[in-house]
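Structure first, commentary second.
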Amino acid sequence: MEILPDFPEGNVPPWILVVHTSDGITLHNFKQQTQRTITASTFEGIGTSPDGKWLSYVIFVNSNDQEIIVESPNGEKKSQLPFDKKWSTLGNPWLGNEQISYFIWDGGLGLKTVAINPFTGEQQVLVPDYIN
């Protein structure tokens, strides 16, 4: 297999590659040939909406508080919401193009989920309803 130094003419990926490194989150825009890095002390729960229009991540704003950030690939912040300490940041949190979800660790028997619309702030707790 031949490794090319650049993308073949006319075959540049139209999407943005999001990479989480020790330096932060780096967004590689192949079409525009640009790169942008978001830096913070700690990132958690990094994800992209299915349509690729939104990037979300959770950051520590101080030693006790965290926030959910939702922004466009070019860095325009769309929302900034408080993140509850009982929520978990495992996996890509996006349920669809307008909802983010996090597991709720509250010591109960069932694993609850909170679904959040980051654009309106609306929240809904989804409770597992297992028979017996």
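Summary of values
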{"read-out": "Relative contact order %, the chain, counting alpha carbon pairs below 8 Å whose residues are six or more apart", "value": "13 percent"}
{"read-out": "Percentage of interatomic Cα-Cα distances in the range 34-77 larger than 15 Å", "value": "43 percent"}
{"read-out": "Fluctuation leader among E71, E122, E98 - the chain, Gaussian network, Cα springs under 10 angstrom", "value": "E122"}
{"read-out": "Charge sum, other residues only, whose C-beta stays under 14 Å from K53's C-beta, Lys/Arg counted +1 and Asp/Glu -1", "value": "-2"}
{"read-out": "Hz values of 3J(HN,Hα) by residue in the range 76-86 - Karplus curve (6.51, -1.76, 1.60), Gly and Pro given as x", "value": "7, 6, 9, 7, 9, 10, x, 10, 6, 5, 7"}
{"read-out": "Potential lengthening between L90 and T39 on full extension [0.36 nm per residue; Cα-Cα distance subtracted]", "value": "16.3 nm"}
{"read-out": "Environment charge at Q124 (Cβ cut-off 15 Å; Lys +1, Arg +1, Asp -1, Glu -1)", "value": "-3"}
{"read-out": "Total lysine pairs under 18 Å (Cα atoms) in the chain, excluding pairs fewer than 8 apart on one chain", "value": "5"}
{"read-out": "Selection from S22, S101, S49 lying farthest towards where the dipole of the chain points positive, charges on Cβ", "value": "S101"}
{"read-out": "Nearest-20 debye value, the range 22-111 charge dipole, Cβ charges on Lys, Arg, Asp, Glu", "value": "200 debye"}
{"read-out": "Most fluctuating residue given options P14, P73, P118, as computed from a GNM of the chain linking Cα atoms under 10 Å", "value": "P14"}
{"read-out": "GNM flexibility winner over the chain from Q32, Q66, Q80 (Cα, springs under 10 Å)", "value": "Q32"}
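Every number here is computed from the coordinates shown, using simple stated rules; none is lab data. Given the structure is predicted, the values throughout are model-derived calculations rather than measurements. Note that we place each Cβ from the backbone using ideal geometry, even for glycine, and neighbour counts take in every protein chain shown.
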